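Chemist: Below is one structure. I have some questions about it.
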Amino acid sequence: MVFSDKMTVMQVRPNYSIVYQFKPLLKIERKHVKTQKHFVGFIKDIATNWKDGDYFLKSPKGTFAYFTIDGSRVKLLKKSKMGKEYLCWQYFGPANSGKKSYNGNGKRRA
């Protein structure tokens with residue numbers, strides 16, 4: 001399970017990636033990935049003093065998330081250049097938020 005492992009924060013440079021020296025390890029809890037908005041808020045909180053640029057979270061299962069920091073804005077990418085979806089996207093959505101899902105006419109989905 002991804003949440004029991006610490007993830008390595010990697011900073012992307014023009015020709016290579018390195019471990020981010022000021023915050024090399026990160027532990028993510030399930031509450032941080034209820035929705036995309038929760039996760040981006042979590043990244044904004046921990047990355048307030050990080051340099052602008054691209055970062056990714058490396059877990060033992062693969063790349064958990066890839067994001068770009070530009071000032072106070074955080075852009076979360078969905079897929080890699082190879083077309084593979086990052087692991088964090090498996091955790092977003094109504095099934096993980098605890099909210100009930102409804103269809104367009106106000107009735108609960110089966």
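The values are calculated or read from the model by the stated rules, or taken from the named source; none is laboratory data. As the structure is a prediction and not an experimental result, all values here were calculated from the model. Please note: Cβ atoms are built from the backbone with ideal geometry, for glycine as well, and neighbour counts cover all protein chains shown.
Chemist: Going by the conditions given, is D52 surrounded by fewer than 11 Cβ atoms within 10 Å (Cβ to Cβ) and under 15 Å from the mean Cα position of the chain (by Cα)?
Modeler: No: the conditions fail for D52.
Chemist: Something else now. When you go through (1) touching a residue at least 60 places away in the same chain (Cβ under 8 Å); (2) at positive phi one by one for G62, which number turns out not to apply?
Modeler: (1)
Chemist: Report whether or not F42 is surrounded by 10 or more Cβ atoms within 10 Å (Cβ to Cβ), modelled with pLDDT under 90 and not in a strand (DSSP E or B).
Modeler: no
Chemist: With (1) without any contact (Cβ under 8 Å) to a residue 12 or more places away in the chain; (2) in contact with a strand residue (DSSP E or B) (Cβ under 9 Å, 6 or more places away or on another chain); (3) part of a helix (DSSP H, G or I); (4) charged (D, E, K, R) as the list, and K75 as the residue in question, which single condition is left unmet?
Modeler: It fails just one condition, (3).
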